[in-house]
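Accompanying notes for the structure given below.
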Amino acid sequence: MSDPYNTYVDHVQPARPVAAVAAPAAKPVDLVSRLDVSDAWKRKFRLIEKAGGPDLSDARKLQSGERRAIGFNFLAFFFGPLYFLAKGLWRPALMYSILAIALGVLLEILSKGRLSHGVGYGFAAVYAMRADLLYYRKVVLGEMSWF
């Protein structure tokens, strides 16, 4: 006699595991090659991806020349907000300009004129160091950041 509460039947063999058939490995999609930007920007975007994305978590894996290529943009240093506007980065151009003007005016009010000149150079360096990463976020990731 069989037990109605026991679902295992003695004469039924347990199912054998079926070997999983692995799907052929798909090639990783290179989104950068499909972008409508120059080859120089594609090289920079690939270096940023190699460095771990916009947070540059793996930047130490890059050679020093590669780190310099994505770490400082000379056009952004010399033209600052105009360069950002030309690249469509109006939000950070607006924010950095407002911050630079406010800090410069504050230092002038406090009679620290020499320091207010340094603010201009400091923000020029900020423009230069942030330009490539912000443009990567805009073009590749589709994000528009304020900073």
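The values are calculated or read from the model by the stated rules, or taken from the named source; none is laboratory data. Note that the structure is a prediction, hence the values are computed from the model and not measured. Cβ placement follows ideal geometry from the backbone for every residue including glycine, while neighbour counts extend to all protein chains displayed.
Of note:
- Considering only residues in segment 32-55 that are over 15 Å from Lys138 (Cα atoms) and either crowded, with 17+ Cβ neighbours inside 10 Å or of a type in the set (Asp, Glu) (or both), the one that is farthest from the chain's Cα centre (by Cα) turns out to be Asp39.
- Count of segment 72-93 residues, restricted to those that are closer than 16 Å to Gly122 by Cα and not aromatic (Phe, Trp, Tyr), is 7.
- Annotation note: Cβ proximity below 8 Å between a residue of segment 43-64 that is of a type in the set (Ser, Thr, Tyr) and a residue that is buried (at least 17 other Cβ atoms within 10 Å of the Cβ) (sequence gap 6+ or interchain) occurs for Ser57/Ala51.
- Of the set (1) modelled with pLDDT of 90 or more; (2) part of a loop (DSSP other than H, G, I, E, B), all apply to Pro28 but (1).
- Unique match (being within 19 Å of the chain's Cα centre (by Cα), free of Cβ contacts under 8 Å to residues at least 40 places away in the same chain and within 25 Å of Leu31 (Cα to Cα)) among Ala69, Ala131, Ala93: Ala69
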